[in-house]
Structures are given as structure tokens and as C-alpha cells.
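These notes are about the structure you will find just below.
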Amino acid sequence: MLFHLSNGPKDFRGPRKEPKEIIIEKLHFDSKQIAQYEALIATHRNTINTLDSTIKKLKRELYATLIENETPTNKTDSLFQAITEKQMAIEKVHFNHFLDIKKICKEEQLADYENLTAELAKIFSNKPPKK
């Protein structure tokens, strides 16, 4: 590992690629497929942002109950359940997003898609913090 004075530790491999770039590269998308993929991303992000906002709201309600009482109640139980359902919805949206990506692949790209699916957890783990 190389240390750079202004930015801290640097890895010799260079900057980390965004998942979008990795997927385009690994699937060898052409310009039409990239446009379709970017439309999928926009829809995906919008849906995830809506669900994330709902989860944040539910968590605010949940933690507000700490002031109201010291023991769990039906209200807190229902908030836990609602948060769980929204988190499950997020995972389903992610999963369906990749099914949609598969739909824009050409026949000759399906083997690359299968290889990509084996790497999804790695690609989306250890994301750098958003700026």
C-alpha cells in the first residue's frame, strides 16, 4: 500500500469502479443497452430512495417511542414489522433489478451475466461512503 500525503492510504489498483461501470464492462453492453440500463438504474434508484425515506420515517417513529415508554408495545412491534417489510421490499427491488438487467442482455451475453451474478455480493459490498 502506498501512502499519499493528501489523501491517506492508496491502493496500487487505482480508484474503485462504480457497480454501474463494472456491470457495463462485464456484460459488454453496447450503446443501446447502456441507455436501457441507465433507464433501469433511474427507476431503481427512485424506488430505493422512496423505500429508504419510508424506513427513516418509521425509525424516527420507533425511537420516539423511547420517550413515551420503557417497554415494547404493540406500537413498537408494528413499527418493527413495518421496517422489516420495507427492508424486504428493498431486497426484492434489488433482485428484480438484476432480472431486468438480464432481460436487456443478448443471447451471447448470458454467460457473462451468469458469471456476474456470482460476483454480485462482492461488487456491492464495502461500498465507499456517499459524498
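Only the coordinates and a few stated rules stand behind these numbers; no lab work does. These figures come from a predicted structure and were not determined experimentally. Ideal geometry is used to build each Cβ from the backbone, glycine not excepted, and the neighbour counts take in all protein chains shown.
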message = Students often check this: by mean Cβ neighbours within 10 Å, which of 40-46, 19-25 ranks highest, and how do the rest follow?
response = 19-25, 40-46
query = If R0 is 25 Å, what FRET efficiency do you get for N46 and E108 from their C-beta distance, rounded to 0.05?
reply = 0.20
request  = At 7 Å along the Cα-to-beta-carbon direction for both T73 and E18, put a label point, then send me their distance in nm to one decimal.
outcome  = 4.5
note = Those GluC sites (Glu not before Pro) from the range 55-109 that are DSSP loop and have at most 16 other Cβ neighbours within 10 Å turn out to be E70
message = Using 0.36 nm times the number of residues separating F124 and V93, minus their current alpha carbon distance, what extension gain do you get?
response = 9.7 nm
